[in-house]
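Written out below as structure tokens is the structure these notes cover.
The values are calculated or read from the model by the stated rules, or taken from the named source; none is laboratory data. The structure displayed is predicted, hence computed values, not measured ones. Counting neighbours? That spans all protein chains shown, and the Cβs are built from the backbone with ideal geometry, glycine included.
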Amino acid sequence: MTAPAVAPLLAPDEPPAVTVLNAAGSAPILFLCDHASARVPRSLDQPETGGFGVSPEDRQRHIAYDIGAAAVTRLLSDRFEAPAILSGYSRLVLDLNRALEDGTSIPPVSDGTKIPANQHLSADARWVRAAALYYPYHNAIIEMLDGLKARGTSPAIISLHSCTPVLAGVKRPWHIGVLWNEDGRIALPLMRALEAEGNLIVGDNQPYSGRDHDSHTIHRHAEARGLPHVLLEIRQDLISDDAGITAWADRLTRVLRPIVLGGQP
């Protein structure tokens, strides 16, 4: 596809579209965080053009990013000595866990909040967002997996998300959701281990499902390569502060280690 003659989305001095942590990590795991940041590119947020149109309060809600997920991902990357890849910009600009042709990849409305900057976008405007955000993120995953394969490693892919405890007025009872499709190598023993903790309500493909468009990243990279994988949705009120983030990183380290590493230390 020929690039349109329009200005780039990100300025050279803005943070990158993707961050790779612990690239040389030795554990056969790749942690992913599709919705790590609430940041909006400056080019979409200029007052003279109407700005992005989303209030500061809404930019800190679940519609903008997965609250707590990036912090949990960083801790798990450190504890397992495993690589991790995190997105750099808000899901309101472009949802990296959706196919580009999916109508929700650039949401005009999210949980009842209108996103003025996402209304009636041209094909060129959509392409600019994809070029700046989607391809760098997904290409980083491809490059990491190709590099691990060249080293003889077939990693487990663990995608970290968080979900709001209430959506459209409906309370969600699950402390954590385990999303999967046909490959239960991680999901099934993980759900058993989490339930054995004795104080958790574990959602099997809740509050979303690993069998639909809510798991684009997993479908594209893990299923296509036959790699073991799982997508986790931790309830946001449980990881909204440092204590909760640390507690859930501790728990996931404890339950995932025997499942993913087996007898490895």
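Checking each residue in the range 9-44 for being out of contact with any helix residue (DSSP H, G or I) (no Cβ under 7 Å at 6 or more places or on another chain), in contact (Cβ under 8 Å) with a residue 60 or more places away in the chain and over 18 Å from residue 159 (Cα atoms) picks out 15, 16, 41. Scanning the range 81-111 for residues that are assigned to a loop (DSSP other than H, G, I, E, B) and of a type in the set (A, V, I, L, M, F, W, C) turns up 82, 92, 93, 94, 96, 99, 100, 106.
Taken over the range 190-225, the criterion of being out of contact with any strand residue (DSSP E or B) (no Cβ under 7 Å at 6 or more places or on another chain), without any contact (Cβ under 8 Å) to a residue 24 or more places away in the chain and more than 22 Å from residue 170 (Cα to Cα) is satisfied by 192, 196, 198, 224. When residue 240 is tested against (1) buried (at least 18 other Cβ atoms within 10 Å of the Cβ); (2) within 19 Å of the chain's Cα centre (by Cα); (3) of a type outside the set (Asp, Glu), just one condition goes unmet, and that condition is (1). What are the residues in the range 183-211 that are surrounded by 15 or more Cβ atoms within 10 Å (Cβ to Cβ) and either of a type in the set (Gly, Ala, Ser) or assigned to a helix (DSSP H, G or I) (or both), if any? Those that are surrounded by 15 or more Cβ atoms within 10 Å (Cβ to Cβ) and either of a type in the set (Gly, Ala, Ser) or assigned to a helix (DSSP H, G or I) (or both): 187, 188, 189, 190, 191, 193, 194, 203, 209, 210. Residues in the range 22-43 include at least one that is hydrophobic (A, V, I, L, M, F, W, C), at pLDDT 95 or above, touching a strand residue (DSSP E or B) at 6+ places or on another chain (Cβ under 8 Å) and farther than 18 Å from residue 97 by Cβ. Residues in the range 50-95 that are hydrophobic (A, V, I, L, M, F, W, C) and more than 26 Å from residue 246 (Cβ to Cβ): 52, 54, 92, 93, 94. The listed residues are 140, 123, 168, 131, and the only one of them that is within 21 Å of residue 104 (Cβ to Cβ), surrounded by 13 or more Cβ atoms within 10 Å (Cβ to Cβ), out of contact with any helix residue (DSSP H, G or I) (no Cβ under 8 Å at 6 or more places or on another chain) and among the small types (Gly, Ala, Ser) turns out to be 131.
The residue of the range 159-180 that is nearest to residue 238 (Cα to Cα), among those that are in contact with a strand residue (DSSP E or B) (Cβ under 9 Å, 6 or more places away or on another chain) and assigned to a loop (DSSP other than H, G, I, E, B), is 175.
Looking at the range 147-168, which of the residues that are over 20 Å from the mean Cα position of the chain (by Cα) and not polar (S, T, N, Q) is modelled with the lowest pLDDT? Selected residue: 168. The sole residue among 29, 115, 67 that is buried (at least 21 other Cβ atoms within 10 Å of the Cβ), hydrophobic (A, V, I, L, M, F, W, C) and within 21 Å of residue 166 (Cβ to Cβ) is 67. Of the residues examined, residue 78 is not one that is modelled with pLDDT of 95 or more, out of contact with any Leu (no Cβ under 7 Å at 6 or more places or on another chain) and either in a loop (DSSP other than H, G, I, E, B) or among the aromatic types (Phe, Trp, Tyr) (or both).
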